[in-house]
Amino acid sequence: MVKKWRQQMKRWMAEKLELPADIMMDLPRITMVGQIHIYIENHRGLLTFSDKELRLLLRNGQLLVRGEQFIIKTILPEEILLEGKISQVVYIEEEKK
Amino acid sequence: MKNEWVDTLAGSVRVKAEGKGTERLINACVRNGIAVWNVKKHSRDTATFFIKLSDVKRLRHIARQSECKLSFVGRTGLPFFWRRAWRNSGFWLGLLVFIAIVFLLSNIVWNIDIEGATPETEHQMARELKRMGVERGAFQFLLDDPETLQKKLTERIDDITWVGVQWEGTSLHFRVVEKEIPEPKQPVPPRHLVAKKEAVVADLFVEEGQPLVSVNDYVQKGQLLVSGIIGAEGRTKFVPATGKVFGETWYKSTVVLPLETTFHVLTGKSIERHSIGIGRFSLPVWGWKKPPFAHTVIEREKRPFRFWKWDLPLYYERVIVREAEAVKRSYTWEEAFAEAKKIARRELRAKLPEEAAIRGEKVLHQRKESGKVRVELHYEVIENIAVPQPIVQGD
């Protein structure tokens, strides 16, 4: 109850005060350069990685990137730069409890 | 982001992780602050990635808690390059040869420039220098030091009044001041000739002026000998008096000579020793022989080695050990007196001008003291006693 209320409060502030949503609500910021680069900030860790798939843990849910010839160019605690031929970026939402 | 250059300089290694949960391993690395890059998955259970060389130790800690087997498959960067180079004997040889060459070239005379000399003098100097071993390509430590060079050059070349010798890095710099040919005489102002000291006039030679003394006149110091005022009364003319007035002058000298003296004389035999040293310690290079001389005079000459443009603490030393001999000289009384007279004459000669002549010598006193002779002598000398004195025209 309190959690939900706080979430709504934050969303309201982001809208009214024009604060960046990714900072206020702890959302990932994803930057893509065509098909070849994807840069994800604010992730919560690596789940699976292969040359065709990258699965990242987010604050609520997961991010799935599909493609070919994947290489993680850089990985830092909250940032990741992926290189390859990207075909899909999919959000997997956590089931509501 | 990260800087590729820094990684290259610091060195990086490629890690191969095998086993389940390679992703977890990477997560753990990242959380512990190990930078990871170029992660590649080769199959389901193998991944490779790069980490910094300085992070390898920390990675071991983390790896122990994971289920992966780690192996290092590649090394890049400067530290590894250095290690390879270090083991390479060719690299060492090259470095050594390079240092040796620079060292050798630093100790060579590269240039000799002569400044301020006319072409003829310059040529003469170059020839003289060559004879002393100073030429392009000669080793610096085998040459004489600048002071000696300076002395030798001034002695051997007549046209030089002064020569400055200076090292400027690997080049030897000579600054020459040549003798100037005297300029034509300037017109002499009117003057008299007066006596330098008391004397009896022995001869007169007057080119211009009115002689006021004649032969056998006794003159005192400062007395007018040749007047610069000529012509009859009322129609006088001022001229610069020139000429020579030879007068008989007298000198007295005393010589004391001991009958027996011992002194050291070099016999001409010598041994040379060469060594290379640092500080007080010196290593002989050539000449280990012990000199078979009883009495020696030792000459030392130190010359620092140079590297690039600096003097090294290393130096080259040449020691010349010369044989000396103690000579005892003893005179009989007669010999001592004769010798004393000779000495007195020599001393007087050195004091007198070139054209003066010693005409007579008289022994005033001759005494024997404890082991010494004492001789007092009187000389008659004929010399030019005329000195110019300008005429002050009171107007």
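Okay, here's what the table says:
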| read-out | value |
| --- | --- |
| Some residue of region B:69-81 being within 14 Å of chain A (Cβ to nearest Cβ) and either over 60 Å from the mean Cα position of the chain (by Cα) or without any contact (Cβ under 8 Å) to a residue 60 or more places away in the chain (or both) | no |
| Matching residues, region A:36-82, being of a type in the set (V, I, T) and in contact (Cβ under 8 Å) with a residue 12 or more places away in the chain | A:I36, A:I38, A:I40, A:V65, A:I71, A:I72, A:I75, A:I80 |
| Residues of region B:14-62 that turn out to be free of Cβ contacts under 8 Å to residues at least 40 places away in the same chain and either facing chain A (nearest Cβ under 9 Å) or outside any strand (DSSP E or B) (or both), as a count | 29 |
| Any hit, region A:55-75, residues being in a loop (DSSP other than H, G, I, E, B), within 14 Å of chain B (Cβ to nearest Cβ), open to solvent by 20 Å² or more (accessible area, probe 1.4 Å) and of a type outside the set (F, W, Y) | no |
| Matching residues, region B:234-257, being outside any strand (DSSP E or B) and open to solvent by less than 80 Å² (accessible area, probe 1.4 Å) | B:G234, B:T236, B:V239, B:A241 |
| Residue in region A:81-93 that is surrounded by 14 or more Cβ atoms within 10 Å (Cβ to Cβ), more than 9 Å from chain B (Cβ to nearest Cβ) and touching a helix residue (DSSP H, G or I) at 6+ places or on another chain (Cβ under 9 Å) present | no |
| Residue under evaluation B:G94, criteria (1) at pLDDT 85 or above; (2) at positive phi, criterion not met | (2) |
| Which numbered condition A:K52 fails, given (1) within 14 Å of another protein chain (Cβ to nearest Cβ); (2) open to solvent by 60 Å² or more (accessible area, probe 1.4 Å); (3) within 15 Å of the chain's Cα centre (by Cα) | (3) |
| Elements of type strands (runs of 3 or more DSSP E) contained in region B:308-395, each with 2 or more residues being at pLDDT below 90 and of a type in the set (G, A, S) | B:310-330, B:357-369 |
| Selection from region B:258-297 of residues that are open to solvent by 50 Å² or more (accessible area, probe 1.4 Å) and of a type in the set (A, V, I, L, M) | B:V265, B:L266, B:I276, B:I278, B:L283, B:V285, B:A294, B:V297 |
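The values are calculated or read from the model by the stated rules, or taken from the named source; none is laboratory data. Source: prediction; values computed, not measured. As a convention, Cβ positions derive from the backbone with ideal geometry for all residues, glycine included, and neighbour counts pool all protein chains shown. The area values use the complete protein model at the heavy-atom level, side chains included, leaving out ligands, DNA and RNA. Shrake-Rupley method; radii C 1.70, N 1.55, O 1.52, S 1.80 Å.
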